[in-house]
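Before any comments, here is the structure.
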Amino acid sequence: MKIIITGGAGFLGQRLATALLQGQHTLSFDQLILADIHLPCSPLDDPRVSCVALDLSQPQAAEALIDAECGVLFHLAAIVSSHAESDFDLGMQVNFDATRQLLEAARRKAPAMKFIFTSSLAVFGGQLPALIDDGCAVTPQSSYGTQKAMCELLINDYARKGFVDGRVLRLPTISVRPGKPNQAASSFASGIIREPLHGEPAVCPVSPDLALWLSSPASVVRNFIHAATLPAEAFGTARTVNLPGISVRVQQMLDALREVAGEQVSGLVRFEANEAINRIVASWPGNFDVRRALAMGFVADENFQQAIRAFMREQQQGGN
């Protein structure tokens, strides 16, 4: 069996590839393809890995990537939130059009393939209930959220028609990410922890009272792999799942940082309002009812302190 990861050069793609290759799961595969617009590197020296440079927004790219031996596709490639907002056409090409082309290629060549799509809590926005469940209507307030919501509906219909075994995972905001800030509106959720731990100042562009729905990278990767091991019947007719997370206010994140790393570290964060970022992020819900996801076997972090300590351990071990 062949597994494909789009966005394979990215942070999550590399983490997922490492977890798959290390084999602490029940997925069996002969080949792992990492695809991205720039040639990915294999995170481990393993003969099962092939790396491909591919622009999924181009015609025929999906056809070149997918064949009858593909058993699982993790579709992680995307233009992130603020970038999709500032460049509508690029966001549509990468976030929606490329997804549709991948679905069509799977429909023609590998209809039994598990098509695992990473969606986002950005599909929600506006006036929302205090607690979001899987049945809450999507009301995105950004182009990124709209593109993700469009893909969700399309994947559910392809699954209903038997064209592909679609599974949609709505990711929490991931914190703490290593590396440099990106163009995601939520980039600060890692930056206000990561930069101070490296002895660098950080700016928080939103209110300290803003509640965020968070997950550590390790929990998200575990949930990706778990989604690929579940039978289709576990999802039922609703192929979209809100992944578990923890609801944490920004001030609580900084309190956790102070608890774990000390006052000098947490004091490196200052608040400086950015209305464009706040408008996007504040439209996202900060708390979810994930009883369905937990019953399906998906996992959540215990608390945010745990996520900070995990990041610190990884950095000490030379992680990226």
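Remarks
- Within the range 145-161, one or more residues are over 14 Å from the mean Cα position of the chain (by Cα) and not in a helix (DSSP H, G or I).
- Restricting Phe235, Phe304, Phe271 to residues that are at pLDDT 95 or above and assigned by the TED database to the domain that holds Cys70 narrows the list to Phe235.
- Residue ID - surrounded by the fewest Cβ atoms within 10 Å (Cβ to Cβ), chosen from residues in the range 102-127 that are in a loop (DSSP other than H, G, I, E, B) and in contact with a Pro (Cβ under 7 Å, 6 or more places away or on another chain): Gly125
- Whichever residue in the range 73-93 is assigned to a helix (DSSP H, G or I) and charged (D, E, K, R) and, among such residues, is nearest to Pro111 (Cα to Cα): Asp89
- Within the range 73-94, being surrounded by fewer than 21 Cβ atoms within 10 Å (Cβ to Cβ) and touching a Lys or Arg at 6+ places or on another chain (Cβ under 9 Å) holds for no residue.
- Given (1) of a type in the set (A, V, I, L, M); (2) over 30 Å from Glu233 (Cβ atoms); (3) part of a loop (DSSP other than H, G, I, E, B); (4) within 21 Å of the chain's Cα centre (by Cα), index of the condition Ala130 fails: (4)
- Among the candidates Arg177, Arg222, Arg258, the residue that is more than 23 Å from Ser142 (Cβ to Cβ), touching a helix residue (DSSP H, G or I) at 6+ places or on another chain (Cβ under 8 Å), in contact (Cβ under 8 Å) with a residue 40 or more places away in the chain and among the charged types (D, E, K, R) is uniquely Arg222.
- Single residue of Ala19, Ala62 found to be surrounded by 21 or more Cβ atoms within 10 Å (Cβ to Cβ) and either assigned to a loop (DSSP other than H, G, I, E, B) or among the hydrophobic types (A, V, I, L, M, F, W, C) (or both): Ala62
- Among the candidates Leu103, Leu56, residue that is under 22 Å from Ile225 (Cα atoms) and assigned by the TED database to the domain that holds Leu39: Leu103
- Among the criteria (1) farther than 20 Å from Ser81 by Cβ; (2) surrounded by fewer than 16 Cβ atoms within 10 Å (Cβ to Cβ), the one Gln183 does not fulfil is (1).
- Total residues in the range 126-151, condition farther than 19 Å from Gln93 by Cβ and either out of contact with any helix residue (DSSP H, G or I) (no Cβ under 6 Å at 6 or more places or on another chain) or modelled with pLDDT of 95 or more (or both): 14
- Leu44 farther than 23 Å from Pro111 by Cβ, assigned to a helix (DSSP H, G or I) and in the same structural domain as Val221 (by the TED database): no
- Looking only at the range 67-109, and only at residues there that are among the β-branched types (Val, Ile, Thr) and in contact with a strand residue (DSSP E or B) (Cβ under 7 Å, 6 or more places away or on another chain), the one that is nearest to Val281 (Cα to Cα): Thr99
- Any chance Leu214 is among the hydrophobic types (A, V, I, L, M, F, W, C) and touching a Gly at 6+ places or on another chain (Cβ under 7 Å): yes
- The residues on offer are Phe288, Phe298, and the sole one that is over 25 Å from Ser82 (Cα atoms), at pLDDT 95 or above and aromatic (Phe, Trp, Tyr) is Phe298.
The values are calculated or read from the model by the stated rules, or taken from the named source; none is laboratory data. In this text the structure is predicted, and so the values were computed from the model without any measurement. Note that each Cβ is placed from the backbone with ideal geometry, even for glycine, and that neighbours are counted across all protein chains shown.
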